[in-house]
1. What pairs can you find where one residue is in the range 60-76 and closer than 12 Å to ASN36 by Cβ, the other is among the polar types (S, T, N, Q), and their Cβ atoms are less than 7 Å apart, with a gap of 6+ or different chains?
2. Select, from ASP85, ASP56, the only residue that is assigned to a loop (DSSP other than H, G, I, E, B), free of Cβ contacts under 8 Å to residues at least 40 places away in the same chain and closer than 30 Å to PRO306 by Cβ.
3. Go through the range 137-157 residue by residue and tally those that are assigned to a helix (DSSP H, G or I) and out of contact with any Asp or Glu (no Cβ under 9 Å at 6 or more places or on another chain).
4. Return yes when PRO66 is over 14 Å from the mean Cα position of the chain (by Cα), farther than 26 Å from PHE300 by Cβ and modelled with pLDDT under 95 and no when it is not.
5. Kindly check whether there is at least one residue in the range 153-175 that is in contact with a Lys or Arg (Cβ under 7 Å, 6 or more places away or on another chain), within 23 Å of PHE278 (Cα to Cα) and among the β-branched types (Val, Ile, Thr).
6. Run ASN45 past the list (1) of a type outside the set (A, V, I, L, M, F, W, C); (2) assigned to a loop (DSSP other than H, G, I, E, B); (3) buried (at least 24 other Cβ atoms within 10 Å of the Cβ) and report the number of the one that doesn't hold.
7. Here are LEU303, LEU288, LEU281: which of them is surrounded by 18 or more Cβ atoms within 10 Å (Cβ to Cβ) and either in contact with a Lys or Arg (Cβ under 9 Å, 6 or more places away or on another chain) or closer than 27 Å to ILE55 by Cβ (or both)?
8. Across the range 253-300, which residue is farthest from ILE195 (Cα to Cα) among those that are in a loop (DSSP other than H, G, I, E, B) and of a type in the set (D, E, K, R)?
Amino acid sequence: MRTLIFDTDIGVDDAFALAYAARTQHLLGITTVFGNVAVGQAVKNARLFCQKMAIDAEVYRGYARPLAQAPSAPATLHGQDGLGDAFENSYSDQAPGAVQFIIDSVRAQPHQITLVAIGPLTNIASAINQAPDIIPLVKELVIMGGAFGTGGHSGNVTPFSEFNIWKDPHAADQVLTSALNVVVIPLDVTHKVLITGEEVQRLNQPVLSAICRPYLAYSLAKEGFNGMALHDTLAVAWLSLPEAFTLAESPLRVITEGIACGQTVRRLSALASRQDPFAGLPAQRIALGVDADAVRAHFFNTLTAP
């Protein structure tokens, strides 16, 4: 069991991941960021979901916009409020600062805290920019984000770019080129772990069933599939089932402008080049394969346990 700071722009698949994390790890706190919803809505959603699911964790408010580029509109497939418009939400959108909480916590518990980031990486980039001394003190940073083209799994916002990275590519590039101990869980593997609408009902988790209705309807209309990929859940699955993942190692960059803005790229060749954008960068771990059956089984067993 890890001690986690769970960084999220909480929408539907984030909520599934949070429910899974609460049953498998120790949640030190939940830090929120813009992305699927505005950051104030993310604060409200995290508080509501914790109350509904009996999760004991403090909520912190992070960044409301990207580091360098103009902000873009929230996602739509999660409903207007990000949690399927399933519940009234009267919680406050104010909370203590997320970035300072990350910095203070890592300093207080060196080499003990795992960061799980399943939204844009703005809070994480800001924390290491403000306090670079924490970089070697973080046990591990697990990111759900990016797409590297394995098996045709490329971007889900543009042909190149995955949503979380696309939302703040400058922050992602800073984080992925840092000396943090990073594991990236990209669309290459998350698209392989699917759950149907009928299987959601069999979880016997009424809150999850309620919030995912617009998400499932969107999937059915757009892809003809009554179900969803367990995208963000796989970042938590890495902590419980690392043996289910096949990793590659490479320095990573994120393209921050042009038609491929938000694309995650890795070094594919050792051939010398005149200009090397990976020169001097640390190798990071990237999940490019997954035992989908093992991950699904662990998720189902965890969520259906009394």
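The values are calculated or read from the model by the stated rules, or taken from the named source; none is laboratory data. Just so it is clear, the model here is predicted, and its values are computed rather than measured. Here Cβ is always computed from backbone atoms with ideal geometry, including for glycine, and neighbour counts include all displayed protein chains.
1. Partner pairs satisfying both residue conditions: PRO74/ASN36; ALA75/ASN36.
2. Values: ASP85 fails: free of Cβ contacts under 8 Å to residues at least 40 places away in the same chain.
Sole residue among the options that is assigned to a loop (DSSP other than H, G, I, E, B), free of Cβ contacts under 8 Å to residues at least 40 places away in the same chain and closer than 30 Å to PRO306 by Cβ: ASP56.
3. First, pick out the residues of the range 137-157 that are assigned to a helix (DSSP H, G or I): 137, 150-152.
Narrowing further to those that are out of contact with any Asp or Glu (no Cβ under 9 Å at 6 or more places or on another chain): 137, 152.
Result for the range 137-157: 2.
4. Values: over 14 Å from the mean Cα position of the chain (by Cα): yes; farther than 26 Å from PHE300 by Cβ: yes; modelled with pLDDT under 95: no.
The answer is no for PRO66.
5. As a first pass, look at the range 153-175 and keep what is in contact with a Lys or Arg (Cβ under 7 Å, 6 or more places away or on another chain): 173.
Filter again for within 23 Å of PHE278 (Cα to Cα), leaving 173.
Narrowing further to those that are among the β-branched types (Val, Ile, Thr): none.
No, because not a single residue in the range 153-175 is in contact with a Lys or Arg (Cβ under 7 Å, 6 or more places away or on another chain), within 23 Å of PHE278 (Cα to Cα) and among the β-branched types (Val, Ile, Thr).
6. (2)
7. Working: LEU288 fails: either in contact with a Lys or Arg (Cβ under 9 Å, 6 or more places away or on another chain) or closer than 27 Å to ILE55 by Cβ (or both); LEU281 fails: surrounded by 18 or more Cβ atoms within 10 Å (Cβ to Cβ).
The conditions single out LEU303.
8. So in the range 253-300, the residues in a loop (DSSP other than H, G, I, E, B) come out as 255-263, 267-283, 291.
Now drop any that are not of a type in the set (D, E, K, R), which leaves 257, 267, 274, 276, 291.
Values: GLU257: 35, ARG267: 32, ARG274: 46, ASP276: 41, ASP291: 14 Å.
Only one residue fits best here, namely ARG274.
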